[in-house]
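Below is one structure; the comments refer to it alone.
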Protein chains: 2
Amino acid sequence: MSETPADPGMHCPAPKHVEQVTLAHGGGGRLTHSLVRDIFAKAFVNETVHDGHVEVVSARRIATTVDGYVVRPMFFPGGDIGSLAVNGTVNDLAMCGARPECLTAGFIIEEGTGFEVLRRIAESMAGAARTAGTRIVAGDTKVVERGKGDGVYITTSGFGVCEHELDIHPRSIRAGDAVILSSDVGRHGMAVMSAREGLSFESQLRTDCRSLWTGVAALIAAGVPIRCLRDLTRGGLATGVIELAAAAELEITLEESSIPVAPAVQSACELLGFDPLYVANEGCFVAVVPGDQADKTVDTLRSVDGFEQAVRIGTVTDARPGQVSLRTKLGTLRNMMMLSGEQLPRIC
Amino acid sequence: MSETPADPGMHCPAPKHVEQVTLAHGGGGRLTHSLVRDIFAKAFVNETVHDGHVEVVSARRIATTVDGYVVRPMFFPGGDIGSLAVNGTVNDLAMCGARPECLTAGFIIEEGTGFEVLRRIAESMAGAARTAGTRIVAGDTKVVERGKGDGVYITTSGFGVCEHELDIHPRSIRAGDAVILSSDVGRHGMAVMSAREGLSFESQLRTDCRSLWTGVAALIAAGVPIRCLRDLTRGGLATGVIELAAAAELEITLEESSIPVAPAVQSACELLGFDPLYVANEGCFVAVVPGDQADKTVDTLRSVDGFEQAVRIGTVTDARPGQVSLRTKLGTLRNMMMLSGEQLPRIC
């Protein structure tokens with residue numbers, strides 16, 4: 001070991017005034033520290049973002065979740081990959097009926113990514129976490145060579161606490177239950193698509209990306225005996241409801257005329273050839289509740305900011321287990337199938 | 001919506017006999033389901049890998065962590081990106097003194113990645129999780145276009161339960177404490193480097209990638225009043241100890257002659273110009289314990305499979321707060337500095 005330099009740090013002095021990520025930022029040394037300290041720790045106020053975090057939790061049921069985010073473009077009307085990464089994971093926890101206790105975030109960063117981009121993303125994440133009433137408590141950054149990534153990929157994980165006795169799960173769904181939709185569908189997918197394609201109606205389309213926990217918390221507080229919750233992300237309303245019907249081994253019938261779609265979303269879908277029922281949302285969920293709780297569920301949701309359009313859209317029956325049928329505006333019944341292909345790549 | 005196809009699934013029939021990932025596997029529809037079901041859920045035996053998972057936990061202190069894995073090559077002597085992703089996160093929890101309760105895994109997969117590669121990785125993860133006594137309970141897959149990724153990137157997160165009253169943290173370190181090293185250093189970095197460079201001594205170099213929880217659990221069970229734990233990953237032993245000294249605002253003095261380095265690692269380091277003290281490990285940690293507990297710590301660790309080489313390598317003093325000095329084999333004192341640059345890119 002006598003060949004070892006006395007001070008290995010001297011062999012690679014920290015570059016000055018560099019405003020983009022270099023491979024050296026992935027090395028675990030001083031540059032990695034400065035990246036974490038100057039950008040992520042600064043944005044995630046008062047939080048030491050380190051490898052592990054210990055949290056004192058008084059409840060007994062803990063929900064865990066993970067989601068990767070690769071959306072392109074990284075910034076789009078109404079949101080960005082950072083707010084998406086926070087809200088997406090908060091919403092996965094909310095769908096378990098869990099209060100989002102804390103999040104972790106792993107960043108895979110392409111060499112050459114501008115610090116300004118990272119800063120905007122980190123600040124957006126911090127803001128979204130504050131709004132959702134949660135905190136980012138652990139983080140990790142890895143850097144890959146140019147052409148081995150695409151700007152920034154984020155994987156967020158979270159844990160949350162279930163402060164109720166409900167078994168919120170497809171197995172709790174029963175024939176006779178009502179399906180309640182929290183808001184209009186298709187905004188996120190069409191906002192990202194329009195930003196990607198540079199379409200002129202872009203200004204009217206904004207993502208619906210937001211925390212769903214406020215809506216779920218209101219239902220729990222109101223004592224609604226929730227059977228199951230599902231956020232309507234990749235694959236949209238159709239895919240979410242099809243997954244529920246399959247898992248519950250029951251049929252779900254939807255009324256197309258009840259499903260709100262904003263005019264701008266409807267126009268964009270018609271222009272681009274998409275079905276809004278299959279377009280991704282990031283601030284939209286369905287709640288399955290006992291039939292006699294439908295009105296209470298709708299009223300409770302409508303009293304919460306952002307859920308004013310909540311509406312009953314369907315019913316659970318035991319007619320054709322695992323199937324979903326849509327009564328169209330023309331009155332015909334359409335069998336809804338899961339998409340096999342890629343409708344909107346890299347939408348989240 | 002009358003333009004909507006009656007069965008959107010029919011527009012993109014599932015390709016048959018395709019054995020690699022297509023962008024369509026990232027769409028959230030049928031192909032995504034088959035990817036998750038056939039590869040990941042199958043490997044993570046008996047576990048439904050879905051968006052959220054609820055766990056019943058009786059303890060009150062929960063540790064959380066996250067780490068991204070971008071190692072190249074993805075397969076190397078003694079391990080692969082999958083076992084690394086599991087053990088790395090298990091070890092982050094172990095360093096909090098937490099039993100690894102469960103893990104989540106997010107995959108960012110480049111279009112064109114072979115299913116066989118995914119299968120090997122998933123099986124390796126499942127095996128590593130079993131060995132470490134934990135489970136992978138939630139997962140997510142995203143697919144990015146060719147040239148926007150590099151095979152598979154994995155971000156694992158985990159939570160663990162602290163079943164003790166210790167405050168395992170740099171703030172607990174005191175002057176007079178002993179620094180115990182769990183095993184020889186430099187194996188992981190040199191195994192990956194040799195695989196990458198196709199070097200002939202590859203056969204003698206295997207990663208040390210493994211769970212550290214068994215060693216930590218033995219120390220807790222033996223009643224060792226652990227002050228702090230640190231695994232020695234990116235940046236190696238030197239970086240880990242420098243971080244501890246800085247966080248504790250105390251000096252740490254290491255004895256070079258006490259630090260075990262395998263002959264094959266030493267030779268590879270000399271050939272390639274690396275300092276083994278700065279080379280990444282994935283199955284190696286330091287424990288800081290009160291000085292009078294050093295022998296008990298070493299004896300306890302040596303009784304656990306894989307930690308037979310545990311040894312005291314240093315002492316904490318209050319001489320020069322935040323500094324680390326190495327007494328070299330020649331008897332001189334060398335000031336250890338954190339690397340600023342990238343010694344071994346994409347080592348984990």
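Observations, loosely collected:
- Pair list, Cβ < 7 Å and 6+ apart or interchain, from the stretch A:167-182 residues that are within 17 Å of A:Leu326 (Cα to Cα) and not assigned by TED's automatic domain parsing to the domain that holds A:Ile62 to residues that are of a type in the set (Val, Ile, Thr) and assigned to a loop (DSSP other than H, G, I, E, B): A:Leu181/A:Ile259
- Among residues of the stretch B:159-216, those that are β-branched (Val, Ile, Thr) and either within 30 Å of A:Arg60 (Cα to Cα) or surrounded by fewer than 16 Cβ atoms within 10 Å (Cβ to Cβ) (or both), counted: 4
- When A:Glu282 is tested against the conditions (1) crowded, with 18+ Cβ neighbours inside 10 Å; (2) free of Cβ contacts under 8 Å to residues at least 60 places away in the same chain, the lone failure is (2).
- Condition check for B:Asp299: more than 14 Å from chain A (Cβ to nearest Cβ), of a type outside the set (Val, Ile, Thr) and free of Cβ contacts under 8 Å to residues at least 40 places away in the same chain: yes
- Those residues of the stretch A:99-152 which are among the acidic types (Asp, Glu), within 30 Å of B:Leu344 (Cβ to Cβ) and in a strand (DSSP E or B), in sequence order: A:Glu110, A:Asp140
- Restricting the stretch B:244-275 to residues that are buried (at least 17 other Cβ atoms within 10 Å of the Cβ) and among the charged types (D, E, K, R), the residue that is farthest from the chain's Cα centre (by Cα): B:Glu251
- Every test in (1) polar (S, T, N, Q); (2) assigned to a helix (DSSP H, G or I); (3) within 22 Å of the chain's Cα centre (by Cα) is passed by B:Gln343 save one, and that test is (2).
- Some residue of the stretch A:93-107 being closer than 21 Å to B:Lys148 by Cβ and within 14 Å of the chain's Cα centre (by Cα): yes
- Hey, B:Leu250 in contact (Cβ under 8 Å) with a residue 60 or more places away in the chain and more than 14 Å from every other protein chain (Cβ to nearest Cβ) or not: yes
- Verdict on A:Ala310 being more than 14 Å from chain B (Cβ to nearest Cβ), surrounded by 20 or more Cβ atoms within 10 Å (Cβ to Cβ), in contact (Cβ under 8 Å) with a residue 40 or more places away in the chain and not acidic (Asp, Glu): yes
- Residue, farthest from the other protein chains (Cβ to nearest Cβ), within the stretch B:139-151, restricted to residues that are surrounded by fewer than 24 Cβ atoms within 10 Å (Cβ to Cβ) and under 25 Å from the mean Cα position of the chain (by Cα): B:Gly151
- Some residue of the stretch A:257-264 being part of a helix (DSSP H, G or I), at pLDDT 95 or above and within 12 Å of another protein chain (Cβ to nearest Cβ): yes
- Among the candidates B:Glu256, B:Glu243, the residue that is touching a residue at least 12 places away in the same chain (Cβ under 8 Å), in contact with a strand residue (DSSP E or B) (Cβ under 6 Å, 6 or more places away or on another chain) and not β-branched (Val, Ile, Thr) is uniquely B:Glu256.
- Of the residues B:Ala24, B:Ala41, B:Ala59, the single one that is within 12 Å of another protein chain (Cβ to nearest Cβ), in a helix (DSSP H, G or I) and modelled with pLDDT under 95 is B:Ala24.
- Residue match in the stretch A:287-308 (condition: in the same structural domain as A:Asp208 (by TED's automatic domain parsing), of a type in the set (Phe, Trp, Tyr) and closer than 17 Å to A:Ile347 by Cβ): no
- Residue in the stretch B:283-305 that is at pLDDT 95 or above and of a type in the set (Phe, Trp, Tyr) present: yes
- Screening A:Ala287, A:Ala319, A:Ala245 for residues that are in a helix (DSSP H, G or I) and not basic (Lys, Arg) leaves exactly one candidate, A:Ala245.
- Any hit, the stretch B:82-105, residues being under 24 Å from B:Gly29 (Cβ atoms), at pLDDT below 90 and not charged (D, E, K, R): no
- Any hit, the stretch B:266-277, residues being modelled with pLDDT of 95 or more, in a helix (DSSP H, G or I) and closer than 29 Å to A:Arg37 by Cα: yes
- Qualifying residue in the stretch A:202-224 (condition: touching a His at 6+ places or on another chain (Cβ under 7 Å), within 12 Å of chain B (Cβ to nearest Cβ) and not in a helix (DSSP H, G or I)): no
- Scanning the stretch B:256-280 for residues that are among the hydrophobic types (A, V, I, L, M, F, W, C) and within 19 Å of B:Glu243 (Cβ to Cβ) yields B:Ile259, B:Leu277, B:Val279, B:Ala280.
The values are calculated or read from the model by the stated rules, or taken from the named source; none is laboratory data. Just so it is clear, the model here is predicted, and its values are computed rather than measured. Every residue, glycine as well, gets a Cβ built from its backbone with ideal geometry; the counts of neighbours run over all protein chains shown.
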